[in-house]
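K.L.:
This is the structure I have questions about; it appears just below.
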Amino acid sequence: MALNPAFIGRTYPAGPSYLVGREKIREFARAVGDDNPAYHDPAAARALGHPDVIAPPTFAIVLSLEAANAALFDPELGLDYSRVVHGEQSFSYTRPIVAGDELIVTTVIENIRSMAGNDMITTKGTITTVAGESVAVATSMLVSRGEDA
């Protein structure tokens, strides 16, 4: 079933805030195999001008994926998640995510298009502090394979 392009522009409000913990950043950095001292050692991060350890660039997926689920599992959208594969992911930063940040994500369906019997849905998650400071934008494109795929 084709996704309805009328959903383009639909915005999903931020859910609960996410308090970024130093250990969560370290765990994520270890999981992706990144031993950059700024991700593990507060003194190394401060030497670079940051108030605490900073998160690797892909850490934003922790927040943005959860927020995008509000859109992707919206029953009115009709996305069959069992047919979904990941297409693209990008992050654009205003500043690094830092331990101690309390962040929220607002998600918008940026685009829906069909090609070769498949639907493609692009979501954009705007990540800000609870005080409204811009931190990052996470853009994701998922492909919903058609019945014949």
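Readers should treat all values here as calculations from the given coordinates under stated rules, not as data from a laboratory. Every value quoted in this text rests on a predicted model; they were computed, and no experiment measured them. Glycine gets a Cβ as well: all are built from the backbone with ideal geometry, and neighbour counts include every protein chain shown.
K.L.:
Divide by every residue of the chain the summed helix terms, -39500 (n - 2.57) for each DSSP H run of at least 4, and state the resulting mean residue ellipticity at 222 nm, rounded to the nearest 500 deg cm²/dmol. Before the final figure, lay out each step's value.
P.N.:
On the way: 3 runs with 29 residues, N = 149.
Taking each H run of at least 4 residues, the total per residue is -5500 deg cm²/dmol.
K.L.:
Quick one: H40, H86, fewest Cβ neighbours within 10 Å first, how do they rank?
P.N.:
On the way: H40 16, H86 9.
Listing H40, H86 from fewest to most nearby Cβ atoms yields H86, H40.
K.L.:
Can you tell which of L3, A70, P42 lies farthest toward the positive end of the dipole of the chain, using +1 and -1 charges on the Cβ of basic and acidic side chains (Lys, Arg; Asp, Glu)?
P.N.:
Positive-end residue among those listed: P42.
K.L.:
Right, here's the next one. What number results when the radius of gyration of the chain, computed over Cα atoms, is divided by 2.2 N^0.38 Å?
P.N.:
The value comes to 1.16.
K.L.:
Give me the dipole magnitude in Debye, nearest 20, for the stretch 1-51 about the Cα centre, with unit charges on the beta carbon: positive for Lys and Arg, negative for Asp and Glu.
P.N.:
Details: 6 positive and 5 negative charges, 39 e Å.
Dipole about the Cα centre, nearest 20: 180 debye.
K.L.:
Something else now. Place a +1 charge on the Cβ of each Lys and Arg in the chain and a -1 charge on the Cβ of each Asp and Glu, then give the dipole magnitude about the Cα centre in debye, rounded to the nearest 20.
P.N.:
The calculated dipole for the chain is roughly 200 debye.
K.L.:
Hey, fewest Cβ within 10 Å first, where do L142, L63 land in order?
P.N.:
The order, fewest Cβ neighbours first, is L142, L63.
K.L.:
Can I ask one more? Check G87: other-chain or 5+ apart residues with amide H under 5 Å from its amide H, H built from backbone geometry?
P.N.:
M141, L142, V143
K.L.:
Ok, one more. Between the stretch 1-68 and the stretch 79-130, what is the C-alpha centre distance in whole Å?
P.N.:
Each part's Cα centre sits 12 Å from the other's.
K.L.:
Sticking with this one: Can you give the longest stretch of the chain with no exposed loop site, where a site means GluC sites (Glu not before Pro) in a DSSP loop (not H, G, I, E or B) with at most 14 other C-beta atoms within 10 Å?
P.N.:
Values: sites that count: E76, E133, E147.
Between exposed loop sites, the widest span is 1-75.
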